[in-house]
1. Hey, among Val120, Val92, which residue is farther than 24 Å from Gly250 by Cβ, in contact (Cβ under 8 Å) with a residue 24 or more places away in the chain and within 17 Å of the chain's Cα centre (by Cα)?
2. Is it true that Gly101 is within 30 Å of Arg45 (Cα to Cα), open to solvent by 20 Å² or more (accessible area, probe 1.4 Å) and not aromatic (Phe, Trp, Tyr)?
3. Within segment 221-230, is even one residue closer than 30 Å to Val22 by Cα and not small (Gly, Ala, Ser)?
4. What's the total number of residues in segment 71-93 that are in a loop (DSSP other than H, G, I, E, B) and open to solvent by less than 20 Å² (accessible area, probe 1.4 Å)?
5. Quick check on this structure: which one of Val33, Val96, Val68 is assigned to a strand (DSSP E or B) and surrounded by 15 or more Cβ atoms within 10 Å (Cβ to Cβ)?
6. Could you list, in sequence order, all residues of segment 231-252 that are touching a helix residue (DSSP H, G or I) at 6+ places or on another chain (Cβ under 6 Å) and surrounded by fewer than 24 Cβ atoms within 10 Å (Cβ to Cβ)?
7. Inspect all residues belonging to segment 258-273 and state whether any of them is over 22 Å from Leu40 (Cα atoms), assigned to a strand (DSSP E or B) and out of contact with any Phe, Trp or Tyr (no Cβ under 7 Å at 6 or more places or on another chain).
8. Pairs under 6 Å by beta carbon, first residue under 28 Å from Glu192 (Cβ atoms) in segment 233-259, partner among the acidic types (Asp, Glu), six or more apart or different chains?
Amino acid sequence: MTVIALTSGEPAGIGPELCVKVAKRFRGAKLVVIGDASLLRGCPRVEHVPLTAPRKAGRLDPANSRYVLRVLDRAIDGCLAGEYDAMVTAPVHKGVINDAGIAFTGHTEYLAARAGVPQVVMMLVGGGLRVALATTHLALADVPRAITRAGLIATLRVIHADLRKRFRVRRPRILVSGLNPHGGESGRLGTEERDVIEPALAQARKLGIAVRGPIPADTLFVPARLKDADCVLAMYHDQGLPVLKYASFGAGVNVTLGLPFVRTSVDHGTALEIAGKDKADPGSLVEALKLAVKLASSS
């Protein structure tokens, strides 16, 4: 049976209670929930990682930030050692980890560093869509200079390889967005399409990757285009994800491509305002677990 490591995330958020809800009823895999056992009562299998400080629902405490990372590290190490077939993550809170003096931009980047891989890609799945990102957690002002020919080619290679290996898409077809309004309007609104994106796509095609673009973002997601695509590559976080979350919020799944193991996650945050009130919907976590099992069985 597939063995999944389920990390419980930020202790003050909804992660622990979501883990309890799904661990009681999920079938199709052996779930090992990682976190402080006092937060996970009712889970059949718990790997205890002790809190640093007492937890109060809805109240962030930087003292527990290293605990959150220890939980992640245990799952990563288990996946790398073959102990777990995949890992699924409940949400963490980037801000409080940074408040603790720890440089942390998100799960995706942390997993890449810990796994020692040069390139990973954040992709969300849901609502009939797969949307990957060329850049992830950056200020909007930093996005243009973060988009490079080499970076786009590397990103497209990871997407192409994992769609084939894990999603069993025989010949992936990838739509690629532009960066600027109307694709830059021949350079009048920006030159990134002409100088960076188009040359990168030309090189990707020489590598045997089926790509189309750059396509202006405001017409990228029309059904006529999507029906002939297996994935969309957006240039930045809030260009691609609002569309997918509109189509699937509460049932979307975050997937990290390019890792030596399967990792999926929920499509929402820590929801501090409802933590501890038994109001959290486990739908996205259930979908993340289902997808992790499917991808792990395909690997």
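1. Matching residue, one of Val120, Val92: Val120.
2. Working: within 30 Å of Arg45 (Cα to Cα): no; open to solvent by 20 Å² or more (accessible area, probe 1.4 Å): yes; not aromatic (Phe, Trp, Tyr): yes.
For Gly101, the condition - within 30 Å of Arg45 (Cα to Cα), open to solvent by 20 Å² or more (accessible area, probe 1.4 Å) and not aromatic (Phe, Trp, Tyr) - is not met.
3. Within segment 221-230 (the criterion being closer than 30 Å to Val22 by Cα and not small (Gly, Ala, Ser)), the answer is yes, since at least one residue qualifies.
4. Filtering segment 71-93 down to residues in a loop (DSSP other than H, G, I, E, B) leaves 81-85, 90-93.
Still in the list and also open to solvent by less than 20 Å² (accessible area, probe 1.4 Å): 84, 90-91.
Total satisfying the criteria: 3.
5. Numbers: Val96 fails: assigned to a strand (DSSP E or B); Val68 fails: assigned to a strand (DSSP E or B).
The conditions single out Val33.
6. Tyr236, Gln239, Gly250, Ala251
7. Checked against the condition, which is being over 22 Å from Leu40 (Cα atoms), assigned to a strand (DSSP E or B) and out of contact with any Phe, Trp or Tyr (no Cβ under 7 Å at 6 or more places or on another chain), segment 258-273 yields at least one hit.
8. Final answer for the pair search is Gly252/Asp267; Asn254/Asp267; Leu257/Asp162.
The values are calculated or read from the model by the stated rules, or taken from the named source; none is laboratory data. Since this is a predicted model, take the numbers as computed values, not measurements. So basically every Cβ, Gly included, is an ideal-geometry build from the backbone, and we count neighbours across all protein chains shown. For accessibility, only protein heavy atoms count, side chains too; no ligands or nucleic acids. Shrake-Rupley method; radii C 1.70, N 1.55, O 1.52, S 1.80 Å.
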